[in-house]
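Working notes, structure below.
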Amino acid sequence: MTPSVAEKINNYENTNRLFDRAADALGLDPEMRLLLKTPFREIQVEVPVRMDDGHLEVFLGYRVQHNGARGPMKGGLRYHPEVDFDEVRSLASLMTWKTALVGIPFGGAKGGITCDPGAMSLHELELLTRKFTSRMGFAFGLHRDIPAPDVNTTPQVMAWIMDQYGARYGHTPGIVTGKPLELGGSPGRLEATGRGVAQITELAAADQGIPLKGARVVVQGFGNVGSYAALFLHQQGARVVGLSDVRGALWNGDGFEVPAIFAAAKAGGGLRSAGARELSNEELLEQECDILIPAALGGVITRENAPRLQARMIVEAANSPITTIADAVLNERSIPIVPDILANAGGVTVSYFEWAQNIQVFTWEEAQVNEQLTRIMARTYAEVMALVRERGVALRTAAFMIAIERVARAERLRGGI
Ligand code: NAD
């Protein structure tokens, strides 16, 4: 599963290759390409934390604000040992294209801290989050840059950011999205990314001649995105046959009783199911299935395992789960890929609703949130498919083309370049 060094070290280059493919199809001029590829601002901060045992640990925190032509920059914060500038830069750029693709008035940003949250106490995580916010907060802003959850960052982490930011700049719930409901979070935000993944999966499966009822689905990762995607797909009639988390994978050819596994995992019991066969995460990806949904980390489908995958369709719930080389292999094998910027855009869409509610100091009903989310996802999917049919390009290229054209238009209209 580990990508080869050549594939791993160039996250941002990989993303830019996807950008270039779409920019070529659009005939985008060299100056605009340069402008759109260059991040607006990149910040690194030192984050010193006095750990529970009394020793001082110094972490590194990052924020890359990629593009703000269409609105305040928006994107998650990731806590993980492999976080670095290259990864954050790549994810920030994806956020620019994702927000443009779904047509919400945001640009793109991403951040993170290189740390191992699994080895830290809640108290240490709170100190880490507060120190990061006090040092990075100058770059945030209700109309400048709004962080959100990503890998290993929860509504509780968002609450600490809001509290720390508010202590210096005044109460500003909209400074961060993905908050707990009690602090101005939006109904439906927790489920939103998984809900959008499930909706797009059903639409794309139908177009590929795969009826969702009874379709064999494999989901890698059982965190926020993967668990809700699996739950909704189960509810929609799919047969979820493979599941995994960082500790390993489970297989049940008859289909899992996902709600029971979901409830046990949320109660802190990890991923367990009586009678399931245990697999490694690497093996899970290579099992025969109708729909493979990577929903954990980036770079898990590589040039090594792409030739061995036996899925009829792949839906990128995670960001960048497929390296560009693997993407080419899968295109060659005619395995359709629903790209991340389309498949997982439900999260940032409801983050937009949360921000809008915070600014209005008004809370929507959950039904309204879900209805608006469903409308935006369906419209976006239809726009991408229309371009796929018109130009004969892959879904990823079509999605990037739509997004790049929108950001380029905003840059030209603003002028000053
Ligand atoms: P999370 O921290 O809630 O969950 C991550 C899951 O991946 C956990 O179950 C973890 O055990 C599992 N995992 C970690 N390493 C693994 C490995 N090597 N093999 C298998 N499983 C592994 O994170 P999340 O918020 O669900 O994010 C998952 C992906 O979705 C990321 O790529 C993230 O960027 C993307 N994403 C998240 C959101 C969001 O709203 N949270 C929105 C869009 C995209």
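The values are calculated or read from the model by the stated rules, or taken from the named source; none is laboratory data. This is a predicted model, so every value here is computed, not measured. Note: ideal-geometry Cβ built from the backbone for every residue, glycine included; neighbour counts use all protein chains shown.
Yes or no: segment 49-62 includes at least one residue that is among the aliphatic types (A, V, I, L, M), within 16 Å of the ligand (Cβ to nearest atom) and surrounded by 22 or more Cβ atoms within 10 Å (Cβ to Cβ). The answer is no; no qualifying residue exists.
Looking at Gly255, Gly268, can you tell me which residue is assigned by TED's automatic domain parsing to the domain that holds Glu316, within 15 Å of the ligand (Cβ to nearest atom) and farther than 18 Å from Ile314 by Cα? Walk me through it before giving the result.
Working: Gly255 fails: within 15 Å of the ligand (Cβ to nearest atom).
Sole residue among the options that is assigned by TED's automatic domain parsing to the domain that holds Glu316, within 15 Å of the ligand (Cβ to nearest atom) and farther than 18 Å from Ile314 by Cα: Gly268.
Being more than 10 Å from the ligand (Cβ to nearest atom) and either closer than 24 Å to Gly107 by Cα or part of a helix (DSSP H, G or I) (or both) is the filter here, so list the residues in segment 324-348 that pass it.
As a first pass, look at segment 324-348 and keep what is more than 10 Å from the ligand (Cβ to nearest atom): 324-339, 342.
Correct list: Thr324, Ile325, Ala326, Asp327, Ala328, Val329, Leu330, Asn331, Glu332, Val338, Pro339, Leu342.
Residue selection: Ala109 satisfies the criterion of being in a strand (DSSP E or B) and in contact (Cβ under 8 Å) with a residue 24 or more places away in the chain. Quick one: would you say Ala356 is of a type in the set (Gly, Ala, Ser), at negative phi and surrounded by fewer than 24 Cβ atoms within 10 Å (Cβ to Cβ)? Considered against the rule, which asks whether it is of a type in the set (Gly, Ala, Ser), at negative phi and surrounded by fewer than 24 Cβ atoms within 10 Å (Cβ to Cβ), Ala356 comes out as yes.
Scan segment 158-171 and tell me whether some residue there is out of contact with any strand residue (DSSP E or B) (no Cβ under 6 Å at 6 or more places or on another chain), of a type in the set (Lys, Arg) and in contact (Cβ under 8 Å) with a residue 40 or more places away in the chain. Scanning segment 158-171, I find no residue that is out of contact with any strand residue (DSSP E or B) (no Cβ under 6 Å at 6 or more places or on another chain), of a type in the set (Lys, Arg) and in contact (Cβ under 8 Å) with a residue 40 or more places away in the chain, so the answer is no. Between Ala148, Ala100, Ala109, Ala139, the distinction of being at pLDDT 95 or above, crowded, with 19+ Cβ neighbours inside 10 Å and touching an Asp or Glu at 6+ places or on another chain (Cβ under 8 Å) belongs to Ala109 only. If the condition is being within 13 Å of the ligand (Cβ to nearest atom) and in contact with a Phe, Trp or Tyr (Cβ under 8 Å, 6 or more places away or on another chain), then segment 156-175 contributes only Val157. Residues in segment 272-317 that are more than 16 Å from the ligand (Cβ to nearest atom) and assigned to a loop (DSSP other than H, G, I, E, B) were compared, and the one that is farthest from Gly242 (Cα to Cα) is Arg303.
If you go through segment 124-133 one residue at a time, do you hit one that is closer than 21 Å to Arg409 by Cβ, within 15 Å of the ligand (Cβ to nearest atom) and part of a helix (DSSP H, G or I)? No: zero hits.
Would you check if Ser320 is within 30 Å of Ala403 (Cα to Cα), surrounded by 19 or more Cβ atoms within 10 Å (Cβ to Cβ) and either within 12 Å of the ligand (Cβ to nearest atom) or without any contact (Cβ under 8 Å) to a residue 24 or more places away in the chain (or both)?
Working: within 30 Å of Ala403 (Cα to Cα): yes; surrounded by 19 or more Cβ atoms within 10 Å (Cβ to Cβ): yes; either within 12 Å of the ligand (Cβ to nearest atom) or without any contact (Cβ under 8 Å) to a residue 24 or more places away in the chain (or both): yes.
The answer is yes for Ser320.
Taking segment 215-269 only, how many residues are in a loop (DSSP other than H, G, I, E, B) and basic (Lys, Arg)? Walk me through it before giving the result.
Keep residues of segment 215-269 that are in a loop (DSSP other than H, G, I, E, B), which gives 215, 221-223, 236-238, 246-247, 252-257.
Checking the rest, the ones that are also basic (Lys, Arg) come to 247.
Number of matching residues: 1.
Considering (1) part of a loop (DSSP other than H, G, I, E, B); (2) surrounded by fewer than 17 Cβ atoms within 10 Å (Cβ to Cβ); (3) aliphatic (A, V, I, L, M), the lone condition that Val83 does not fulfil carries the number (2).
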